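Structure, as structure tokens:
The values are calculated or read from the model by the stated rules, or taken from the named source; none is laboratory data. Everything quoted here is computed from the prediction, not taken from an experiment. Heads up, the Cβs are rebuilt from the backbone with ideal geometry, glycines too, and the neighbour counts pull from every protein chain shown.
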Amino acid sequence: MALRVHRVPFSTNVERIALAAAHKGVAIEWVDHDESDRSAIRALSGQDFVPVAEIDGRVVVDSPVILRELERLAPDPPLWPAGPARRAEADVFVDWFNRVWKVAPNRMEPGDAEELRGSLDRFEALLDGRDFLLGDTLGIADVIAFPFLKYAAGIGPDDADPFHHVLAEHLALGCDQPRLRGWLARCDALPRA
């Protein structure tokens, strides 16, 4: 599989692809773009968002779509569970995270900060008795959520992205989320492609 991925610095959605590809042992040719000039991304894909993947000559946009394509082309080791019920649960999580959870930090209207902080307890509960969000091994839920939730543990000094600062401010971990803190450390230690 020939895989080229276009990215900008510090992109949470790009990190999803980097985690998944490393997990699957898939090499990526990275193409870096300046955050302030996405004209080449637009010319390639018809839109401004990253990641944009070129997979065997096809252009694929949107990180969940790219992740599904990676799973199809490199099924082992899997990110999605094999059984239909567990696979459907994973799909529900992916859809919820992308269509519901990500809304609050992007809009930050009244009540959104409380919603974000409250979500930490949901993730803490998901980790009760297991090392990863939906099981004992790395899965799609972890790949989807970690690049965003990692800001609960802090932000790097050279990361000036305003969205990441919103996440760091409103997701700051307390002492009542030890399982989440451990999960963040486990995921952060994983390789990236």
Checklist outcome for this item: Residue pairs qualifying under the 8 Å Cβ cut-off, at least six apart or on distinct chains, with the first in segment 133-147 being over 18 Å from Lys24 (Cα atoms) and the second being small (Gly, Ala, Ser) and outside any helix (DSSP H, G or I), are Leu133/Gly139
Checklist entry - From the list His23, His6, which one is surrounded by 15 or more Cβ atoms within 10 Å (Cβ to Cβ) and closer than 20 Å to Pro191 by Cβ? => result His23
Checklist entry - Gly118 fails exactly one of the following numbered conditions: (1) at pLDDT 95 or above; (2) more than 29 Å from Lys24 (Cβ to Cβ). What is the number of that condition? => result (1)
Checklist entry - When you scan segment 158-177, how many residues do you find that are surrounded by 12 or more Cβ atoms within 10 Å (Cβ to Cβ) and in a helix (DSSP H, G or I)? => result 8
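Which ranges mark the helices (runs of 4 or more DSSP H) fully within segment 24-106 that have 2 or more residues being more than 23 Å from Ala160 (Cβ to Cβ), among the aliphatic types (A, V, I, L, M) and in contact (Cβ under 8 Å) with a residue 24 or more places away in the chain? Before you say what the answer is, go through the steps one by one.
Details: elements: 39-45, 63-73, 84-96.
In segment 24-106, 63-73, 84-96 are the helices (runs of 4 or more DSSP H) which contain 2 or more residues that are more than 23 Å from Ala160 (Cβ to Cβ), among the aliphatic types (A, V, I, L, M) and in contact (Cβ under 8 Å) with a residue 24 or more places away in the chain.
Scan segment 21-79 for residues that are of a type in the set (S, T, N, Q) and modelled with pLDDT under 95 and report the count. Even if it seems obvious, please write down each step before you answer.
In the first step, residues of segment 21-79 are kept if they are of a type in the set (S, T, N, Q); the result is 36, 39, 45, 47, 63.
Now restrict to residues that are modelled with pLDDT under 95: 36.
Result for segment 21-79: 1.
So for segment 147-157 (the condition being closer than 16 Å to His23 by Cα, in contact with a Lys or Arg (Cβ under 8 Å, 6 or more places away or on another chain) and not in a helix (DSSP H, G or I)), does at least one residue qualify?
Our first condition is that a residue be closer than 16 Å to His23 by Cα; within segment 147-157, this holds for 147.
With the extra rule that they be in contact with a Lys or Arg (Cβ under 8 Å, 6 or more places away or on another chain), the set shrinks to 147.
Within this subset, residues satisfying the condition of being not in a helix (DSSP H, G or I) are none.
Within segment 147-157 (the criterion being closer than 16 Å to His23 by Cα, in contact with a Lys or Arg (Cβ under 8 Å, 6 or more places away or on another chain) and not in a helix (DSSP H, G or I)), the answer is no, since none of the residues qualifies.
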